[in-house]
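Heads up: the structure comes next, in structure tokens.
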Amino acid sequence: MSEQIAFWILSAIAVLGALVAVRKRNLIHGVFALMIFFAALSGLFLLLLAEFIAAVQILVYIGAVGILLLFAIMLTERVAGDDGRRMTSRGWFWGLVVAAAVFVVLLLPAIQQWPTPEVTQAPDPSVEELGHKLMNPYVMTLEVLALLLTAALIGAVTAAQGMRKPKEEGSPE
Amino acid sequence: MSLELIRDILVATVPLLLIFPTLFAFTTWLERKALARIQNRIGPNKVGVPLTRYGGRFSLFGLGQPMADGIKMLFKENIVPRDADRLFHLLAPILALIPAMLVLCFLPIDFPWINNIQDSVKAFMLDGAVIFFFAITGLNTLAVFMAGWASRNKYSLLGGMRAIAQMVSYEIPLVLSAVIVVMMVGSLNAAEIANAQAGWNWFIFTPWGLAAFIIFFIAALAETNRSPFDLPEAESEIIAGYFTEYSGFKFALFFLGEYIAMFAISGLAVTLFLGGGAGPGVAALPWLSVIWFLVKIFALIAVMIWLRGTLPRLRVDQLMGFAWKFLLPLSILNIFIAGSALHLLAGGRLAGLDEKQPILRQLMEGANPLVVAGLWIGALLILYVAANGLNQLSRAKVRPREYKYAE
Amino acid sequence: MTTENLNAGMDLDDNTRSELERAGVIVSQVDSLYNWARGGSVWPLTFGLACCAIEMIASATSRFDISRFGSEVFRPTPRQADLMIVSGTVTKKMAPQVVRIYNQMPEPKWVIAMGACAISGGPFKQGYNVLKGIDRYIPVDVYLPGCPPRPEAVLQSLNYLQEKIRTQDIKSDPAFTKGRRQYPVPEFTGKDLEPPYNPEVWQPPANPNDKPLEKATA
Amino acid sequence: MSSATAIAPNYELIQQDGLETSLLEVSMGPHHPSTHGVFRMDVKLDGETVVDLQPVFGYLHRNHEKLAENMSYLGSMPFTDRLDYFNSMTNNWAYALAAEKLVEIEVPERADYLRVIMAELTRLVNHVSLVGFFINDLGALGTPLLYAFREREKILDLFEQASGARMMCNYFRFGGLRNDVPEGWLDRARDVVDHFPVFLDEYEQLLCENEIILSRTQGVGCLSRDLAISAGITGPMLRASGVNYDIRKVDKYSIYDRFQFRVPYTDGNVGDCYDRFMVRMLEMRESIRILKQALDGIGDGPVLGNAPKVFKPKPAEVYGRVEAPKGELGFYLIADGTPKPYRYRVRPPSLINLTVLRDMCLGQKVADAVIILGSIDIVLGEVDR
């Protein structure tokens, strides 16, 4: 019961945060709304007992991506937009259609398996298990990804080298 | 949700919210007194028991000072600049305090009253407690930025920008030095890390642990904006930095948040490197572990105060250079050293270890003392040479100069 | 420091006393606790104007040590300060800034006019660019004479101020009755400050010969 | 951003890569914790880098020169105290020298010795407090400053015993001193002077090898030899830029030719904040040398020649100058035969040393601008007068 209540509250916060993030013209307000969305998402992960993912969600998305966004915004000139102006574009209809299509596609696996089969074996989402998974079967994937990210980081540094002063390379990961 | 659970949560959290703010008040007094002694002064000694005259008989070494400051701040007028972003201006001090308070739950302090509550309520029993700690302390950055941006003051903005750059940079060496401990224990669980160091098996007594502790402490100073890394609030340059426009109780909240963050990060350092609640006499009297934990926290805070009284401030580019060019390579090298050492100690039996026990201790049991001694000397040597070399590399080149005398 | 202020807490008129009785003893207790607190924690502003600033700094140093009274926390920003020590000559170019900084301070706030110059213009009174006393624009709580006053005198003026605070009555304290005291910032018009004084806080002294003296002193 | 390039010709705005950032304009002062009084720097910042800096002063203009023109010659003496309020004794001396040239008064020997003692003690007070303030600007929370002030108090006690006032001594008179020092003063002075090197050792140990101070001050705010000479810089700042110029040696005014002392200066290679700091530290040692010799060599005798209190000098123009702790302090007097000077002009070392502030700050960080200002050693009473 309490999980249900928490789920609905967190979901409401997440949706509201996402909406505000999209609608706000003031960039800083938008970023902070986005962070609220991330925080609510992290709460939802916690409800699913995925505590490691929840922590990483905060660490990476709020701590790193959000800060990076703030940095990018501070480098631009006009921060505060006009909140009063309505945000419409001519292609809103097609946008809506595409959004709906993506939503359906995402839900497709769940729809296909309707009604949901009984869970026979409870997952064990402990950090330890995750560590073993990462270090045994998926170690190659992890390393390749890490290499890719390092390459991207070095590339970013190289690209930024010509500029005035290297800003933070960003993510603490 | 059962009543017991709610009771347990309250039992686990409410005392923390009472104890640490009280300690904060005491720490401000301690800091003022200690700085005064460093500077050849006496420090506050007139304001003692409430409702007595100043300089009365009951001055109690000025222990009433924090209380007077607190009451005064509470009733001080709250000013919001006209152009400020009112919502963010209000939220920033609150957001600065909440993460600092929150992470206190992750410190494995065995208060007597939490022995009876269920493990699932204890935050430090979480499998990923250490990761959570870093994730939540990182939110402090946002509060600082919010304060700097919302005040619409140029000094505040400069302070906020400095704070973000500094905190994001120093988080990396901070986390990387904690990785060493996680490697040696094989767990992210704060309670397990503390238990692994029971007796005198503190990780600071290993070469890589010592190096990691020093890196961690330096990065922690920067994370909590303490001298010599107090650039975001550098008085002589940018007035009061991000809280230039804060008055009254909001300012007090910032102050409180800053000190609670100091407690939290020192508490983590104690958990990771200084054996948690371990200390003499704990085996006989379990409640002593609380005392030892707090004593260790205060020892670290005393060092912070001492540094504040002695060192000047770094410049912003030197600060960043220090994090990226010195601390980061050193902490990565340290991880390599620790990993190789564990591997050498294990001699191929790493896979056969009991996963529920701290790795380092199992390895140490069957190890040859000569190998251990060789490893330690080697590790210390490598670290020393590396630190020296990095220092030479990252130091700015200066032209030679000579002082002459004319008769 | 005037005597009325000193005795404000003790000589209650009947009206206030009956009001106090209705509110119970607690009111007066809260009063004195609050006065104890704000008197013991007067944080000055880091604000030096001229020679006196050095003696103000000296009062915080080892030999004199203002921190004994809880006042060594010199705040660089007016937002967090309680006390403004106007230490030194206020020129006509600086006076608008002084008033502006005073306006930026949150209530309750106090002012010490330190040194002859801040009180009356001091030795430079005859100068064309010197304001003849900061009390023309902002209310001054303690006048501290000297040129410059010794650090001990700074400490004594702080003690006077604490005495004054301790006997203040919250109900009649301007800090709580009026909202933040903000006074019009004078403007330097090239010749003189406009207006020459703030009539709310200062009036030209009465001439014993009963002749209006406004123009002459301004 | 072409306008920005125009305002800062010798700092290359790095905008080539198309990153359009806006400049931040900050007005530092007149109320700022580290402007050493009421001084304002209008700073344009690119991030944290100073691209333009305009000093604004006049916030402490107290009409010193105009007041002096309406006063007898001796009447201005207490006002000179308040010029550079750290060094009232040397201010007195420079003015007394000018006036003594005007009316040609002889100064008794004992008075000359006492003048030297007072001036060198003043130099100690000034340098030691300046170093304290300088380290304070670096962010050291006052510990070195408070140590410096602890020593300063000892010297101020001597001043007080001699003249009756701690800071505004008003001790010099045309033709000597106002009064002789009290009995036992010389012994007490010797005591203070003997103990000062102990403190200096401690101070040097604390500061001169500190890694943070080294990295903060070396290579910051470089002043080249040529610019220093052409801008008319004097005092320790000039010597830190590698010019051996000390009025005590050049003019040999008073009895400075009787003392053995050296003038520390650099090889002119760098001329940064560290050099200015070090030159002052070294100068203090030499001051102690002079003080020891003066305290040993002082004899008995009167301290005031027979100078009238009010006099009408013949029309003339004179310039008297001393090596004040901050540089060349000069008084230029034009007498027109009346008891008041026709023109009274001060050559303030602080103001003239301040003229190169912009050149030293451009391209540095904002934190450096603060310490560069601190290393110039200005006192606003003298800058604005």
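Would a scan of the stretch D:194-210 turn up a residue that is over 28 Å from residue D:296 (Cβ atoms), in a helix (DSSP H, G or I) and open to solvent by less than 60 Å² (accessible area, probe 1.4 Å)?
Yes, there is a match, as at least one residue in the stretch D:194-210 is over 28 Å from residue D:296 (Cβ atoms), in a helix (DSSP H, G or I) and open to solvent by less than 60 Å² (accessible area, probe 1.4 Å).
Can we say residue D:237 is touching a strand residue (DSSP E or B) at 6+ places or on another chain (Cβ under 8 Å), open to solvent by less than 10 Å² (accessible area, probe 1.4 Å), away from chain B (no Cβ under 11 Å) and in a helix (DSSP H, G or I)? Yes; evaluated as a whole, the condition is true for this residue. Here is the figure for the stretch B:146-193: residues that are crowded, with 24+ Cβ neighbours inside 10 Å and out of contact with any Asp or Glu (no Cβ under 9 Å at 6 or more places or on another chain) total 10.
The criterion of at least 1 residues that are farther than 23 Å from residue D:95 by Cβ is met, among strands (runs of 3 or more DSSP E) falling completely within the stretch D:256-335, by D:263-266. Out of B:27, B:22, one residue alone is more than 23 Å from residue C:30 (Cβ to Cβ) and at pLDDT 85 or above. It is B:27. Of the residues making up the stretch A:31-80, just one is modelled with pLDDT of 85 or more, open to solvent by 60 Å² or more (accessible area, probe 1.4 Å) and among the β-branched types (Val, Ile, Thr), namely A:36.
Residues in the stretch D:347-359 that are surrounded by fewer than 24 Cβ atoms within 10 Å (Cβ to Cβ) and of a type outside the set (Ser, Thr, Tyr): D:347, D:351, D:352, D:354, D:356, D:357, D:358, D:359. Counting just the residues of the stretch B:33-48 that are open to solvent by 30 Å² or more (accessible area, probe 1.4 Å) and without any contact (Cβ under 8 Å) to a residue 60 or more places away in the chain, which one comes out farthest from the chain's Cα centre (by Cα)? Across the stretch B:33-48, the extreme among qualifying residues is B:46.
Checking each residue in the stretch C:100-122 for being over 11 Å from the mean Cα position of the chain (by Cα), surrounded by fewer than 22 Cβ atoms within 10 Å (Cβ to Cβ) and either away from chain B (no Cβ under 12 Å) or hydrophobic (A, V, I, L, M, F, W, C) (or both) picks out C:100, C:101, C:120, C:121.
From the set of residues in the stretch C:149-175 that are surrounded by 21 or more Cβ atoms within 10 Å (Cβ to Cβ) and in a helix (DSSP H, G or I), which is farthest from the other protein chains (Cβ to nearest Cβ)? Restricting to residues being surrounded by 21 or more Cβ atoms within 10 Å (Cβ to Cβ) and in a helix (DSSP H, G or I), the top hit is C:157. Checking each residue in the stretch B:282-318 for being within 21 Å of residue B:109 (Cα to Cα), open to solvent by less than 50 Å² (accessible area, probe 1.4 Å) and outside any helix (DSSP H, G or I) picks out only B:282. Take the stretch D:67-78 and flag every residue that is within 10 Å of chain C (Cβ to nearest Cβ) and under 16 Å from residue D:336 (Cβ atoms). Selection gives D:70, D:71.
For the stretch D:211-234, which positions are more than 14 Å from every other protein chain (Cβ to nearest Cβ), open to solvent by less than 40 Å² (accessible area, probe 1.4 Å) and part of a helix (DSSP H, G or I)? If the condition is that a residue be more than 14 Å from every other protein chain (Cβ to nearest Cβ), open to solvent by less than 40 Å² (accessible area, probe 1.4 Å) and part of a helix (DSSP H, G or I), then D:228 is the only one that fits.
Note on the stretch D:292-323: among residues that are open to solvent by less than 30 Å² (accessible area, probe 1.4 Å) and under 30 Å from residue D:372 (Cα atoms), the one that is farthest from the other protein chains (Cβ to nearest Cβ) is D:320.
Please state which of the following conditions residue D:248 fails to meet, knowing it meets all the rest: (1) assigned to a helix (DSSP H, G or I); (2) within 13 Å of chain B (Cβ to nearest Cβ); (3) touching a residue at least 12 places away in the same chain (Cβ under 8 Å); (4) out of contact with any strand residue (DSSP E or B) (no Cβ under 7 Å at 6 or more places or on another chain). Failing condition for residue D:248: (4). Restricted to helices (runs of 4 or more DSSP H) entirely inside the stretch B:59-144, those with at least 1 residues that are under 22 Å from residue A:56 (Cβ atoms) are B:86-103, B:129-137.
Of the residues contained in the stretch B:123-143, none is found to be more than 20 Å from the chain's Cα centre (by Cα) and more than 25 Å from residue B:185 (Cβ to Cβ).
Identify all residues within the stretch B:217-274 that are outside any helix (DSSP H, G or I), of a type in the set (S, T, N, Q) and either within 13 Å of chain D (Cβ to nearest Cβ) or at positive phi (or both); write none if there are none. If the condition is that a residue be outside any helix (DSSP H, G or I), of a type in the set (S, T, N, Q) and either within 13 Å of chain D (Cβ to nearest Cβ) or at positive phi (or both), then B:225, B:227, B:244 are the ones that fit.
Scanning the stretch D:252-287 for residues that are surrounded by fewer than 18 Cβ atoms within 10 Å (Cβ to Cβ) and out of contact with any strand residue (DSSP E or B) (no Cβ under 7 Å at 6 or more places or on another chain) yields D:252, D:255, D:257, D:258, D:259, D:260, D:269, D:285.
Close contacts from the stretch D:173-186, counting a first residue that is without any contact (Cβ under 8 Å) to a residue 24 or more places away in the chain and a second that is part of a strand (DSSP E or B), with Cβ to Cβ under 7 Å and a gap of 6+ residues or different chains, come to none at all.
Just the residues that are away from chain B (no Cβ under 11 Å) and open to solvent by less than 10 Å² (accessible area, probe 1.4 Å), please, taken from the stretch C:57-86. Result: C:58, C:59, C:83, C:84, C:85, C:86. Each residue in the stretch B:365-393 was checked for being modelled with pLDDT under 75 and either surrounded by 15 or more Cβ atoms within 10 Å (Cβ to Cβ) or not in a helix (DSSP H, G or I) (or both), and 3 pass. Report yes if residue B:212 is at pLDDT 85 or above, assigned to a helix (DSSP H, G or I), under 22 Å from residue B:345 (Cβ atoms) and within 16 Å of the chain's Cα centre (by Cα), otherwise no. When the stated conditions are applied, residue B:212 passes them.
Scanning the stretch B:146-174 for residues that are farther than 21 Å from residue B:315 by Cβ and within 8 Å of chain A (Cβ to nearest Cβ) returns B:146, B:149.
Among the conditions (1) part of a helix (DSSP H, G or I); (2) open to solvent by 20 Å² or more (accessible area, probe 1.4 Å), residue B:20 misses just one, which is (2).
For the stretch D:130-141, the condition holds for at least one residue, the condition being that it is away from chain B (no Cβ under 14 Å) and either surrounded by 24 or more Cβ atoms within 10 Å (Cβ to Cβ) or not in a helix (DSSP H, G or I) (or both). Condition first: more than 14 Å from chain D (Cβ to nearest Cβ), hydrophobic (A, V, I, L, M, F, W, C) and more than 20 Å from the chain's Cα centre (by Cα). Now tell me which residues in the stretch B:297-349 satisfy that. Residues satisfying the conditions are B:332, B:333, B:335, B:336, B:337, B:338, B:341, B:342, B:344, B:345, B:346. Scanning the stretch D:20-66 for residues that are more than 14 Å from chain C (Cβ to nearest Cβ) and among the aliphatic types (A, V, I, L, M) yields D:23, D:24, D:26, D:41, D:43, D:45, D:50, D:51, D:53.
The values are calculated or read from the model by the stated rules, or taken from the named source; none is laboratory data. Every value quoted in this text rests on a predicted model; they were computed, and no experiment measured them. Counting neighbours? That spans all protein chains shown, and the Cβs are built from the backbone with ideal geometry, glycine included. Keep in mind that these areas ignore ligands, DNA and RNA; they rest on the heavy atoms of the full protein, side chains included. Shrake-Rupley method; radii C 1.70, N 1.55, O 1.52, S 1.80 Å.
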